Amino acid sequence: MEGTVLSVVIDCNALLIPNGVPVTLRKGEQVMITQAIGGTYTVSVQGNLARVDSLDADALGIEVDLQSANCFMIPKELTDESVWEMLATCYDPEIPVNIVELGLIYKMTLNNDEGHIAIEMTLTAAGCGMGPVLVNDIRTRLLKIPQVKQVDVELVFDPPWNQGLMSEAAKLQLGFL
């Protein structure tokens, strides 16, 4: 699907990348899909990148399948492993690597008795406007786990993110090895 050029079928809400400013993609506007992973679409439009939610895929002429729009299986049990698996379904809108492999998650604390998850995370750049979008993605996905009652996500910038925090797989995928 990446590289596909489409005409917007109906007006569509999107977020400009990297500043997170809401925009409207207008009917008839030409867009090129640059990334279609993690349940969202990154499109190139008029020299800019924009993020389109999977639930708005019909505006791009893509059939919306609500089950596949979630693009992940909801775990039945709340464990450290299931939380990390859900976190790995969140993708940076500019980089085709999930936030776990990118090394954006510094700390995850699970209180199973209370159904509480606390996350400390960073961004690849401190001024990135997509931070609130990623925080919302994390909360939304983790709250789908039935036992989860509360999710707190804190953006931290100390230590600053660097490429050394990425997994070997991410470095390989992005050509850093």
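Taking 26 Å as the straight-line reach from the Cα of K149, the lysines in range (excluding those fewer than 8 positions away in the same chain) are K76, K107. Adding -39500 (n - 2.57) for every DSSP H run of four residues or longer, then dividing by how many residues the chain holds, sets the calculated 222 nm ellipticity at -4500 deg cm²/dmol.
Measuring r between the beta carbons of V23 and A118 and using R0 = 35 Å, the FRET efficiency lands at 0.60. Straight-line reach from K171: taking Cα to Cα under 20 Å and skipping same-chain neighbours fewer than 8 places apart, the aspartates and glutamates in range are E85, D92, E94, E101.
Of all segments of the chain bounded by chymotrypsin sites (Phe, Trp or Tyr not before Pro) found in a DSSP loop with no more than 14 other C-beta atoms within 10 Å, the longest spans 1-156.
Would you please state which residues of the range 106-132 a label at K149 would reach in this model, taking the label point 7 Å out along Cα→Cβ and a backbone N cut-off of under 20 Å? Taking a point 7 Å out along Cα→Cβ of K149, the residues of the range 106-132 whose backbone N falls under 20 Å are 109-119.
This model, with +1 at the C-beta of Lys and Arg and -1 at the C-beta of Asp and Glu, gives the chain a dipole about its Cα centre of some 300 debye.
For the range 10-147, the solvent-accessible area with a 1.4 angstrom probe is 48 square angstrom per residue. Charge dipole (Cα centre; +1 on Lys/Arg Cβ, -1 on Asp/Glu Cβ; no other charges) of the range 77-177 amounts to roughly 220 debye. If you wrap the Cα atoms of the chain in a convex hull and average its projected area over all directions, you get 10.3 nm².
For the chain, the longest principal axis of the Cα atoms and the long axis of helix 131-142 meet at an angle of about 70 degrees.
The values are calculated or read from the model by the stated rules, or taken from the named source; none is laboratory data. Values in this document were obtained by computation on a predicted structure and should not be read as measured data. All Cβ positions, even for glycine, are placed from backbone atoms using ideal geometry, and neighbour counts span all protein chains on display. Heads up: the accessible areas ignore ligands, DNA and RNA and are worked out on the full protein's heavy atoms, side chains in. Shrake-Rupley method; radii C 1.70, N 1.55, O 1.52, S 1.80 Å.
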